[in-house]
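Chemist: Input: one structure, supplied below.
FYI, it's all coordinate maths here, none of it is from the lab. Being a predicted model, the structure only gives us computed values, none of them experimental. Backbone-built Cβ (ideal geometry, glycine too); neighbour counts: all protein chains shown.
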Amino acid sequence: MFYGTMVWDPWLIVSQIICLQCLYYMSLGFFMSFLVGTRVPWMSLIYLFDYSTLTITTFTGFCVAVSFLFSSLTGAGILLYLIERAKKCLDFSATLYIIHLFICILYGGWPYSITWWVVNGSSLALMALLGEWLCVKRESRDIPLTRIHSNV
């Protein structure tokens, strides 16, 4: 599909949001399993959705914060292949973290920790800016105009 002929397709947007959310949580779970799972006896959803586990006063809480930051880097790569447009990266990143905020509120209540807000805000900025940069680099590539000549 050409970029100029794109029409508003709500099913495409919703499916992109769902795929982005699922892939983000898969990458977050992957990083949590290596960084946090080796330090705790039992991995639980509490490390993903409860604000009280994200702290810098303990090493396990620091590993949770690092997992969030690493998953935002992975999310930027996901934006490159799933969204493909630089001007949409901020919208999809903000949507992902707003949905994450609602899930956290449902799971553990309103996040009162300033560390939670700083880590998630930094992750949002990192994911959006790196995703935009990657998409701009891809969009500004030269279009090859050479053809393979046949000997016919």
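Chemist: Using the Cα atoms of segment 1-93, I'd like the radius of gyration and the largest Cα-Cα distance, Dmax, both in angstrom.
Modeler: 16.2, 53
Chemist: Something else about it: Counting alpha carbon pairs within less than 8 Å and at least 6 residues apart, what relative contact order, in whole percent, applies to the chain?
Modeler: Over the chain, the number comes to 28 percent.
Chemist: I would also like to ask the following. So how do Val14, Val66, Val119, Val7 line up by other beta-carbon neighbours within 10 Å, fewest first?
Modeler: Neighbour counts put them in this order, fewest first: Val7, Val14, Val66, Val119.
Chemist: Oh, and also: Per residue of the chain, what 222 nm ellipticity follows from adding -39500 (n - 2.57) for every DSSP H run with n ≥ 4, rounded to the nearest 500?
Modeler: -22500 deg cm²/dmol
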